[in-house]
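Inspection log for the structure reproduced underneath, given as structure tokens.
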Amino acid sequence: EEEEGPLGRGLGAENDEDSDEEMLGSGGGRGGKGTRTGAIFVLENASLEVGKVGKTLQLLNCDDHNNFLRKKRKDPADYRPDICHQALLSVLDSPLNKAGYIKAVYVKTKKN
């Protein structure tokens with residue numbers, strides 16, 4: 001019978017044939033000696049763009065800057081920083097992160 005491990009049923013359990021070290025490399029994923037391995041998340045095409053609204057720079061979003069974006073002839077639907085925020089929350093609140101198996105999170109914007 002499989003035991004409950006740090007990654008769920010049968011994953012990372014102590015008497016599982018594939019130990020944590022074999023699954024995640026010699027580092028074990030928790031900052032041990034050797035190379036640290038784990039999951040790397042890349043969020044592509046994040047709509048994070050700053051614009052000068054009035055006298056201040058602001059992160060543009062479709063709800064608060066609809067008129068500003070239309071004046072600049074840009075589609076407000078393309079300015080959704082809330083999607084990137086929700087994705088980051090999901091990654092950081094995941095069981096993988098809580099177990100220490102997320103190595104990095106990269107965010108690449110539409111304009112690089």
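The values are calculated or read from the model by the stated rules, or taken from the named source; none is laboratory data. Small disclaimer: the values here were computed from a predicted structure and weren't measured. For neighbour counting, all protein chains shown are included, and Cβ atoms are generated from backbone atoms with ideal geometry for every residue, glycine included. Remember, those area values only see protein heavy atoms, side chains included, never the ligands or the DNA or RNA. Shrake-Rupley method; radii C 1.70, N 1.55, O 1.52, S 1.80 Å.
Residue selection: E49 fails the criterion of being open to solvent by 70 Å² or more (accessible area, probe 1.4 Å), under 22 Å from V107 (Cβ atoms) and at pLDDT 85 or above. Exactly one residue out of A87, A77 is hydrophobic (A, V, I, L, M, F, W, C) and at pLDDT below 90, and it is A77. Screening V107 on (1) open to solvent by 30 Å² or more (accessible area, probe 1.4 Å); (2) out of contact with any helix residue (DSSP H, G or I) (no Cβ under 8 Å at 6 or more places or on another chain) shows it passes everything except condition (2).
Here the stretch 62-74 is the region considered, the condition is being open to solvent by less than 70 Å² (accessible area, probe 1.4 Å) and farther than 16 Å from K111 by Cβ, and the residue that is modelled with the lowest pLDDT is N66. For the residues E22, E44, the requirement of being open to solvent by 90 Å² or more (accessible area, probe 1.4 Å) and modelled with pLDDT of 90 or more singles out E44.
Quick one: in the stretch 47-90, which of the residues that are part of a loop (DSSP other than H, G, I, E, B) and touching a residue at least 40 places away in the same chain (Cβ under 8 Å) is farthest from the chain's Cα centre (by Cα)? Among those that are part of a loop (DSSP other than H, G, I, E, B) and touching a residue at least 40 places away in the same chain (Cβ under 8 Å), it is E49. Within the stretch 91-102, the set of residues being assigned to a loop (DSSP other than H, G, I, E, B) and open to solvent by 80 Å² or more (accessible area, probe 1.4 Å) comprises D93 only.
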